[in-house]
Amino acid sequence: MTFQMKRMARSSCLAAALAVLPLALSAPAHANTLSPTEMEEGWILLFDGASLYGWVQEGGGWKATSGAIVCEAGTTGYLRTSSVFGDFSLKCEFRMNGEGDSGVYLRAAGTGAPQETGYEIQINNADAGYPTGSLVGVARAAPYKALPGLWHQLEVNANGDSFVVMLDSIRLLSTHNAKSSAGYIGLASSTGAKVEFRSIKLKPRSLRPLFNGQDLSGWRAVDIPQSQARSQWSVRDGAIHVENGPGQLETTSTYENFLLQLSARTPPAQAGDHPDGGVFLRGDAGVYGSGYECQIRNEYMGQDRKSPVEYGTGGLFNLQRARMIVGEDSRLLFFTLTINARGRHIDVWVNGFPVTSYEDTRSEGRDPGSEARIAAGTISLRGDSFGGAIDFKNIGLVALPRPPGPAPKPLPARPPPEKAGGAAQPQVQPLPGQVPGQQAGIPFVMPGADPERQAKISRLTEQALRAPTLEEQVKLYEEILLLDPGNQVAYSARKDAQAEIKRRAEEKEKKDQEAASQRQQTANTATTLRDSLKKAESALLSGNLRGAHAAIQVARNIAPTNPEVSRLGSIIDARMRIRRYITFGGFGLGGLSLVGLVSLLVRRSRKKDPYVEIIKGVEKGKRYRIDKEVVCFGAVQEDGGDRNDVVIQDVERMISRFHCEIHRRGEKLYLFDCSSANGTFLDGKPVLPGKPYRIKKGSRIDLAGTCVMRLDLQRRPK
């Protein structure tokens, strides 16, 4: 690479660093927590923000303080997780208070140099060969300087032999290497400045589903010996559903070392209920209650979540209690359970928070009640002991490599059940910080906990439940989330309240629109009625009884019981009866016969001309002569230079501006539709636009169903 190219590369990296500098300067307000979305996606916290729970010191002066894992300047140390991971996405934040040499180990073995048995992501601005973000000895990262004194975010995706490293949202490295497929996550500090780590979170990858979401393929039920209780297992809404007692459903395959992740829901039958279920690990096929039991029970004593009833959700029954009750009993919400079982060690997270870290030091055997079970076994789901319902979904598993050392001993044939009193007493591992022999159930207080903040959250929760309006509930839940961003109950409750507020607003808007539409329709009807009455009255005063009759018919169709319509209609009907009497009553029979005979002779002596008469519509009775080669019919007099010969009055506005035409070719007549919007019909059949249809005397021409004309012939005037 030429000097100019190197200079351009350095300039580009400097610009990138300056672009993300504001992100590094603004540390998150609530580190070491998971969002509700991250909980649902299966992320887990490797650091709880207050203690080194779940970590193993391999040297050095590591400690947890001020929300970070810290190794002071001048000390050399290596800190690793107690669990092994294979494929994963890892996020963490680090800060170097000066120039120094640190790093993050991936897939390292429990013994030997971690950078040799696994991979080391470099955190060292002084190493030109492998700058910060590099995989030491494997791949060199793009030049990027992690500025001392600022928090930087490191992201790693490890899938199989593929590695992608990002620093402050900038991709520094993408490479492949197959040296190690699984191992511990570690933090390193060798020389120089003080180094701090926080917000260390991991999402397991490559999990294989054990449940297809449709049926119980790969699972089988296990009955309880000498019990009439039979739990009912089924699939509902994509989840395994159990009810009607403490049954057990086990896998048809066995598993030895694995990471298991699933979502569970424990709907209480009534207020105060706490369903009691569990997940069994490494059990004997077809044997009820065998294997390690990871309990599911979201009940705690008083208001103290650190004092579980029995062993609590995530606790190992008869072995170690959960250090905190994280999940909630709910008819809607699922909580996520993550179990890492490898050799003699088992770690459990609930909604991503570490609640159990257990090392089984007992002699190897079959029954975890009295021995350390290392050999493979089934995975089972247990129903509620009290007969309630539990749901399980998103069940996935990835196998982990066997720990170094001898393989598990073959399991002997299962002995017959021992008589009452003959079974070995289970050994219960003390809680963290509890001395041997301390009474079980003493509340465990996590280092760094804030009782005052927890009390405030409890008060706000009670106020939210009693809030008179949804808007007040949303405000209270938002206050809770400011204090505890990972509070899934508050998050979901706020989400439900906001959704209900939105639904009510949409429903109100819809009703308002319907009311406005109804008011507009009523106004339009009133306008049409008023215009019809005005036309009828004007036609009556001008002596146009037919026009008055047509207009009053429109008004009668709209409001037949309206007093004004009835009054004016009665006057028009009476006038029309008088006119008929005058027309026909003044002629004698003989005069009528003579006039009729003369008229008949005159008509026969004259040539007949065609005309159309409106027999249905506003202008019923009106006639129009077909005395031109083309006669145009439509709803307007003129538009854009085109004119209609006959303008049809249409209250319903169904007739097009230029609706149809009648063409005269010699003595024959043809009807054409002018691509009208609502169609033209000849004797009840539709007329295709642009196609001529022959019409004769008596033909009925229907314009859009609102005006019907009949073709007839009359003698040409003398």
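Overview of values
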{"item": "Calculated diffusion of segment 256-356, Stokes-Einstein form, Kirkwood radius summed over Cα pairs, 10 °C and 1.306 mPa s, µm²/s", "result": "115"}
{"item": "Measure of compaction for segment 499-554 (Cα Rg per 2.2 N^0.38 Å)", "result": "1.98"}
{"item": "Cα-based Rg / Dmax (Å) for segment 74-150", "result": "12.8, 33"}
{"item": "Nearby aspartates and glutamates by direct alpha-carbon distance to residue 203 (threshold 12 angstrom, same-chain neighbours under 8 apart not counted)", "result": "38, 40, 41, 87, 155"}
{"item": "For segment 140-264: span of alpha carbons on each principal axis (Å, largest first)", "result": "68, 29, 29"}
{"item": "Average projection area in nm² (convex hull over Cα atoms of segment 148-220, one quarter of hull surface)", "result": "8.4"}
{"item": "Between segment 102-176 and segment 459-481, the alpha-carbon center distance in angstrom", "result": "45"}
{"item": "Ranked packing of 254-261, 35-42, most packed first, by mean Cβ within 10 Å", "result": "254-261, 35-42"}
{"item": "Compactness of segment 649-705, expressed as Rg and Dmax over alpha-carbon positions, Å", "result": "11.2, 36"}
{"item": "Projected-area mean, segment 303-367, by convex hull of Cα positions, square nanometres", "result": "5.2"}
{"item": "Backbone N within segment 285-323 under 17 Å of label point (7 Å from residue 221 Cα along the Cβ vector)", "result": "286-289"}
{"item": "Student exercise, the chain dipole from Lys, Arg, Asp, Glu Cβ charges, in Debye to nearest 20", "result": "5900"}
{"item": "Cross-link partners of residue 508 among lysines (Cα-Cα below 24 Å; sequence separation of 8 or more within a chain)", "result": "475, 495"}
{"item": "Computed FRET value (nearest 0.05) for residue 362 with residue 161, which takes r as the C-beta separation and R₀ as 51 Å", "result": "0.85"}
{"item": "Rg/Rg_globular for segment 461-540, with Rg_globular taken as 2.2 N^0.38 Å and Rg from C-alpha atoms", "result": "2.15"}
{"item": "Largest-first ellipsoid semi-axes for the chain, taking √(5λ) over the Cα gyration tensor eigenvalues, angstrom", "result": "89, 35, 26"}
{"item": "Beta bridges per DSSP with both ends in the chain, % antiparallel, nearest 5", "result": "95"}
{"item": "When the convex hull of its Cα atoms is projected in every direction, mean area for segment 221-262 (nm²)", "result": "4.1"}
{"item": "Net charge over other residues, Cβ less than 12 angstrom from the Cβ of residue 123 (K, R count +1; D, E count -1)", "result": "-4"}
{"item": "Long-range tail of P(r) for segment 236-304 (Cα pairs > 20 Å, %)", "result": "40"}
{"item": "Lysines with Cα under 30 Å of residue 607, excluding same-chain neighbours fewer than 8 positions away", "result": "616, 620, 622, 628, 668, 691, 696, 697, 718"}
{"item": "Alpha-carbon centroids, segment 341-416 and segment 509-586: separation in whole Å", "result": "88"}
{"item": "D_trans [Stokes-Einstein, Kirkwood Rh over alpha-carbon pairs] for segment 38-176, 25 °C, 0.890 mPa s, µm² s⁻¹", "result": "156"}
{"item": "Translational D in µm²/s for segment 459-506 (Stokes-Einstein at 25 °C, 0.890 mPa s, Kirkwood Rh from C-alpha pairs)", "result": "232"}
{"item": "Computed label-point distance, nm, for sites residue 503 and residue 574 using a 7 Å Cα→Cβ extension", "result": "6.2"}
{"item": "Accessible surface of residue 304 - all protein chains present, 1.4 Å probe, nearest 10 Å²", "result": "50"}
{"item": "Built amide H within the under 5 Å cut-off of residue 678, gap 5+", "result": "656"}
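The values are calculated or read from the model by the stated rules, or taken from the named source; none is laboratory data. Computed from a predicted structure; not experimentally measured. FYI the Cβ positions are ideal-geometry reconstructions off the backbone, even for glycines, and counts take in every protein chain you see. Side chains included, ligands, DNA and RNA excluded: accessible areas come from the protein's heavy atoms. Shrake-Rupley method; radii C 1.70, N 1.55, O 1.52, S 1.80 Å.
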